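Structure first, commentary second.
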């Protein structure tokens, strides 16, 4: 089953240096399938967005998406490189495991409501 977590970020501050962050309303658990980023119609091309699965007592934080100069709506399908048991990278990729609260951070933006909305798709 695939679930969607919608996270909308409002930014405050001066043009080009506005920032904001928002955490997900619910924790997520599963494998990351995709992220769709829907920027506010007047977000400047300097905007930066970062989507993170936050750490807790059971797991470390992991960055799921990090993009500068990113004011264009888009789909991304983040994956991680598989490794051998000794840590050597292979040529195959795997879904990113997520477990916990998601956080979306927007910087280098204008004061916008909303600045960006991230739709995070997770397969349980």
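Convex hull volume of the Cα atoms of the range 52-121, normalised per residue: 135 Å³. Every Cα-Cα pair in the chain was counted, and those over 17 Å apart are 56% of them.
Every Cα-Cα pair in the range 22-78 was counted, and those over 19 Å apart are 35% of them. The distance between label points at residue 2 and residue 67 comes to 1.7 nm (points 7 Å beyond Cα on the Cα→Cβ vector).
Of all the options 99, 61, 89, the one that moves most in a Gaussian network model of the chain with Cα springs shorter than 10 angstrom is 89. Could you pull out which residues in the range 104-121 have an amide N less than 16 Å from a spot 7 Å beyond the Cα of residue 48, following the Cα-Cβ vector? It comes to 104-110, nothing else. Going by neighbour counts of Cβ atoms within 10 Å, the residues 88, 12 line up, fewest first, as 88, 12.
Mean sequence separation of contacting Cα pairs (under 8 Å, at least six apart), scaled by the length of the chain, corresponds to a relative contact order of 48 percent. Cβ crowding within 10 Å, taken as a proxy for footprinting-reagent exposure, orders 63, 107 from fewest neighbours to most as 63, 107. Label sites at residue 113 and residue 25, each approximated as a point 7 angstrom past Cα along Cα to Cβ, lie 1.8 nm apart. Here the residues 39, 75, ranked from fewest to most Cβ neighbours within 10 Å of their Cβ, fall in the order 75, 39.
Dividing the Cα radius of gyration of the range 1-52 by 2.2 N^0.38 Å, with N the residue count, gives 1.33.
Computed from the coordinates by the stated procedures, all read-outs in this text should not be read as laboratory data. The model shown is predicted, which means the values in this text are computed figures rather than measured ones. Don't worry about glycine lacking a Cβ; one is built from the backbone with ideal geometry, like all the others, and counts go over all protein chains shown.
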